[in-house]
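Enquirer: Below is a structure I'd like to ask you about.
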Amino acid sequence: MSRAGQPVEITLYDTSDSTAFESVLSRRHEVEKFNLFIGPETSWGISSVARKAQNDSAWIINPFAVKDEQQVTKPRLLQANIPHNEMYAGAIDRFIEQYRDYVPVFIGRVDGAADKAPFTEQLKAALDKNSISYRVIAFHSVLTSEELQELSTDTATVFIPMSSSRNEFAKFSPALRDFRNQSLAQGGQTAIFGYPEWIAFRGEYLDQLGELNATIYSRFYSPTGDYLARHVATDYARWFGEDMTDAIPNQALLGFDIAMFTINSLRENGGKLVLPDPDGEEIVYDGLQSSFRPMLEQGDKGWTNHALYFITFKNDGTTTHDIVTVPCKNITIKK
């Protein structure tokens, strides 16, 4: 961007000392030049910045405090993460659409982890509301093929685990793979619907996602081997003298996507991060790892990102994905 004649000035502050950071914010001459604040990573830090930003017409994007909801009352604040409830609602809508012809089967270990119970309970309620019948299988120790014998192998079945943990996955995946092989042999279909935590699977567990025809939802996703992501990684190593830290999500790609979205938006909209559009058209930014679909809170308040990824793992080791805008009755789409 700088080489294009539009330089960007970035200033970083250490927010770990709240007193020192508040002192920085009190220096009007030091912060009044800013068009945009990114972060901080805590709710108190966002609140401190917001008091300044609201007075000086600067914008704030919150990529780190996922559960913070200050955008509800602050007009120039964008929550970069889709809220938890809307994420669940979007995942459930997609499940019902994608697996309308499948028999849903919930699986969980007796006395095992059930960290996704809030999601599965909401999904069961939605299935009941749509008059879709489902089955529940509770198993001890590990799931066995015998415990799946009551299911038909010549139709379509989708499994929904009660937990996202790798430990629990290891206890049911062998039996599900056997069931899927039997089903395919008899003209049936089998799939599994899972969770964002599965993005971190590697090795045999990642292979098993493809073998099980798994689809998951997530706030972020970067396909393995993506050309543009590799290009950015190469430039990162050249600029900073070291490779990106291997983490999920990748913080360097997160920074790249936030910069591309916010800087271009500020330039295109005359210094505003997002602008209302009378036609209600979506803003769409599809990033290397994070995408943005800003939606305006009712009452002309702040903004919330409502982009949600759906990733399907294939048996050949590849993936497909798409990005949707999750609607919400309390939020209106604006540009």
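None of the figures in this text is laboratory data; all of them are computed from the coordinates on show. Computed from a predicted structure; not experimentally measured. Cβ sites come from the backbone with ideal geometry, for glycine too, and all protein chains shown count toward neighbours.
Enquirer: Karplus couplings for the range 216-225 from phi (6.51 cos²θ - 1.76 cosθ + 1.60, θ = phi - 60°), rounded to Hz, Gly and Pro as x?
Expert: Karplus values, whole Hz, x for Gly and Pro: 10, 10, 6, 6, 8, 5, 10, x, 4, x.
Enquirer: While we're looking at this one, here's another question. Considering only DSSP beta bridges where both residues belong to the chain, give the percentage that are antiparallel (nearest 5).
Expert: Details: 18 of 43 bridges.
If I count the DSSP bridges inside the chain, around 40 percent turn out antiparallel.
Enquirer: Given points 7 Å out from each Cα along the Cα-Cβ axis, report the D322 to D128 separation in nanometres with one decimal.
Expert: About 3.0 nm separates the two model spin labels.
Enquirer: Mind giving me the nanometre distance, one decimal, between the label points for Y205 and R230, set 7 Å out from Cα along Cα→Cβ?
Expert: Spacing of the two 7 Å Cα→Cβ label points: 2.6 nm.
Enquirer: Additional query: Sticking with the crude label model, points 7 Å out along Cα→Cβ, report the distance from S47 to S18 in nm, one decimal please.
Expert: For the pair S47/S18, the computed spacing is 0.8 nm.
Enquirer: Go ahead and run the numbers for FRET between E30 and N269, Cβ-Cβ distance against an R0 of 25 Å, rounding to 0.05. Walk me through the numbers before you get to the answer.
Expert: Numbers: r = 25 Å, r/R0 = 1.01.
The formula returns an efficiency of 0.50 here.
Enquirer: In degrees, nearest 10, range 0 to 90: what is the angle between the Cα axis of helix 117-129 and the longest Cα principal axis of the chain?
Expert: Taking the Cα atoms of the chain, the angle to 117-129 is about 70 degrees.
Enquirer: Kindly work out what percent of the DSSP beta bridges joining two residues of the range 179-321 are antiparallel, to the nearest 5. Walk me through the numbers on the way to the answer.
Expert: Working: 11 of 14 bridges.
Roughly 80 percent of the DSSP beta bridges within the range 179-321 come out antiparallel.
Enquirer: Angle between the Cα long axis of helix 251-268 and the longest principal axis of the chain, 0 to 90 degrees, nearest 10?
Expert: For helix 251-268, the angle is close to 50 degrees.
Enquirer: Moving on. Given the pairs K129/K171; K124/K314; K272/K301; K33/K74; K129/K301; K116/K171, which are separated by over 23 angstrom at their Cα positions?
Expert: As for pairs spanning more than 23 Å Cα to Cα, those are K129/K171; K124/K314; K129/K301.
Enquirer: By how many degrees, between 0 and 90 and to the nearest 10, does the Cα long axis of helix 43-56 differ from the longest principal axis of the chain?
Expert: Helix 43-56 sits roughly 40 degrees off the main axis of the chain.
Enquirer: Sum up the charges of everything whose Cβ sits under 13 Å from the Cβ of L228, counting Lys and Arg as +1 and Asp and Glu as -1, but leave L228 out.
Expert: Values: positive: R230; negative: D226, D235, D257, D286.
Once all neighbours under 13 Å are counted, the net charge is -3.
Enquirer: Taking 0.36 nm per intervening residue step and subtracting the Cα-Cα distance, what contour gain separates N315 from S2 on full extension?
Expert: Here the segment from N315 to S2 would lengthen by 108.4 nm.
Enquirer: Of all trypsin sites (Lys or Arg not before Pro) in the range 82-138, which ones are in loop regions per DSSP and have a Cβ with at most 16 other Cβ atoms within 10 Å?
Expert: Details: sites: R94, R100, R109, K116, K124, K129, R135; in loops: R100, K116.
Sparse-neighbourhood loop trypsin sites (Lys or Arg not before Pro): R100.
Enquirer: Please check the chain for the longest run free of GluC sites (Glu not before Pro) that are loop-located per DSSP (anything but H, G, I, E, B) and have at most 12 other Cβ atoms within 10 Å.
Expert: On the way: sites that count: E9, E32, E150, E242, E281.
Counting at most 12 other Cβ atoms within 10 Å as exposed, the longest clean stretch of the chain is 33-149.
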